[in-house]
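Structure first, commentary second.
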Amino acid sequence: MVQKDFITFNWPYMTGKELYYIAEAHFNGRLAGDGPFTQRCQKWFEETTGALKTLLTHSCTAALELSALLLDLKPGDEIIMPSFTFVSSANAFALRRAVPVFVDIREDTLNIDEDLIEAAISPRTRAIVPVHYAGVACEMDRIMQIAGRHRLKVIEDAAHGVMATYKERPLGTIGHLGAFSFHETKNIISGEGGALLVNSPEFIEMAEIFREKGTDRSRFYRGEVDKYTWQSIGSSFLPGELIAAFLWAQLEEAGRITDTRLETWSRYHELLEPLESAGYLRRPIVPAGCRHNAHMYYILLSPEIDRDGLLSEMNKRGVNSVFHYVPLHSSPAGMRYGRASGALPVTDSTSARLVRLPLWFGLTYEQQLRVVEVLEDLIKEDLDLKVHRTQGALLKR
């Protein structure tokens with residue numbers, strides 16, 4: 001049983017209109033995919049981001065799998081990506097029998113290190129998958145230049161990146177394809193859900209066909225053909241209309257949700273400055289030109305602090321903080337289906353030191369103060385214990 005004053009890591013925010021729009025979809029008798037709410041959401045993304053085409057999917061994983069289909073991958077083709085990411089970034093391509101090639105991340109943003117990408121390119125390389133960690137943009141200008149020189153495609157894994165920008169360009173719209181997530185842990189949610197952003201005209205027609213079970217159903221509904229038929233391989237990637245109705249309620253409030261989360265993020269950043277100055281931890285770094293969306297607030301603990309022990313104690317004291325990714329390059333499936341491009345020391349170090357703090361719409365200043373106080377107390381207790389152990393060992397000599 002959760003204690004009364006327990007501060008959970010995440011709490012899904014509801015705008016208040018979700019059930020109203022779901023009821024509207026139900027009343028209209030439109031429950032399957034590509035109904036009015038789906039069209040409304042897709043148009044919102046196209047108008048807001050400038051993407052040529054937006055297609056809602058039942059998850060960000062599905063959007064990435066659509067991207068893999070669009071690349072027409074052959075067994076043994078290689079896809080360059082960071083190891084510090086969610087399994088879907090690699091799974092989507094491994095399913096097509098392509099080989100994920102894992103590259104280390106930058107120390108500042110925890111995004112793929114663009115300086116290491118070219119060394120990972122081989123004659124089999126087909127694409128680069130930058131992952132915008134915590135809604136902070138990768139160095140997309142460099143990545144697009146590298147891709148252009150080597151005739152590679154770029155698929156932005158922008159699962160964290162809705163409403164974030166790179167040099168005023170929305171994340172997900174800079175590469176040839178982009179993928180969003182609306183999972184309940186994200187900023188803008190539909191429980192489960194995602195979207196594929198198509199930014200290159202060459203992919204639009206086949207993206208619609210693959211998404212609609214390999215048929216030209218979308219062209220039929222636009223009146224471009226008199227019947228729809230099986231045209232290609234494909235699958236069912238559409239979300240139901242109830243999911244889209246829920247999402248529409250969120251999109252109407254997307255600006256307010258983002259602004260409120262940014263305020264919460266900024267409070268953490270201010271409260272944690274003394275602990276960073278004391279050398280206990282490092283706060284997130286957001287480079288100039290990147291407007292993040294406050295998807296998460298993480299810290300990197302000093303290496304001598306026991307991260308796992310600290311997390312266990314934080315939860316015991318009513319603060320639900322968590323770690324993040326286990327590096328893909330050292331996972332059983334990562335070693336079976338992919339390969340690492342050189343050593344990945346930053347990835348390994350980051351994975352062992354990172355702590356994500358509670359952050360959700362409605363988290364109060366008082367709750368944040370408590371999070372930081374518990375964190376500070378445990379850090380100092382951990383370091384004091386290590387000092388006492390060291391002193392004891394020296395006295396025994």
Unique residue being out of contact with any Asp or Glu (no Cβ under 8 Å at 6 or more places or on another chain), surrounded by fewer than 18 Cβ atoms within 10 Å (Cβ to Cβ) and farther than 30 Å from residue 217 by Cβ when the list is 108, 72: 108
Screening 359, 300 for residues that are part of a strand (DSSP E or B), at negative phi, open to solvent by less than 50 Å² (accessible area, probe 1.4 Å) and in contact with a strand residue (DSSP E or B) (Cβ under 8 Å, 6 or more places away or on another chain) leaves only 300
Residue list for the stretch 210-253, filter: surrounded by fewer than 18 Cβ atoms within 10 Å (Cβ to Cβ) and of a type in the set (A, V, I, L, M, F, W, C): 220, 225, 230, 233
Residue 307 - would you say it is without any contact (Cβ under 8 Å) to a residue 60 or more places away in the chain, in contact with a helix residue (DSSP H, G or I) (Cβ under 9 Å, 6 or more places away or on another chain) and either open to solvent by 50 Å² or more (accessible area, probe 1.4 Å) or not aromatic (Phe, Trp, Tyr) (or both)? yes
For the structure I just gave you, tell me whether residue 336 is of a type outside the set (Val, Ile, Thr), open to solvent by 30 Å² or more (accessible area, probe 1.4 Å), closer than 22 Å to residue 61 by Cα and in a helix (DSSP H, G or I). yes
The lone exception for residue 22 - which of (1) hydrophobic (A, V, I, L, M, F, W, C); (2) over 14 Å from residue 238 (Cβ atoms); (3) at pLDDT below 95 it fails: (3)
Sort through 241, 263, 273 and tell me the only one that's touching a residue at least 60 places away in the same chain (Cβ under 8 Å) and of a type outside the set (Phe, Trp, Tyr). 241
Say whether the condition of being in contact with a Phe, Trp or Tyr (Cβ under 9 Å, 6 or more places away or on another chain), assigned to a helix (DSSP H, G or I) and either over 30 Å from residue 306 (Cβ atoms) or polar (S, T, N, Q) (or both) is met by at least one residue in the stretch 258-281. yes
Can you name every one of the strands (runs of 3 or more DSSP E) wholly within the stretch 134-208 that holds 3 or more residues which are touching a Lys or Arg at 6+ places or on another chain (Cβ under 6 Å) and open to solvent by 10 Å² or more (accessible area, probe 1.4 Å)? none
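The values are calculated or read from the model by the stated rules, or taken from the named source; none is laboratory data. Quick caveat, the model's predicted, so the values are computed rather than measured. Cβ coordinates were reconstructed from backbone atoms using ideal geometry, including for glycine residues, and neighbour counts include every protein chain displayed. These area figures cover heavy atoms from the full protein model, side chains too; ligands, DNA and RNA do not enter into them. Shrake-Rupley method; radii C 1.70, N 1.55, O 1.52, S 1.80 Å.
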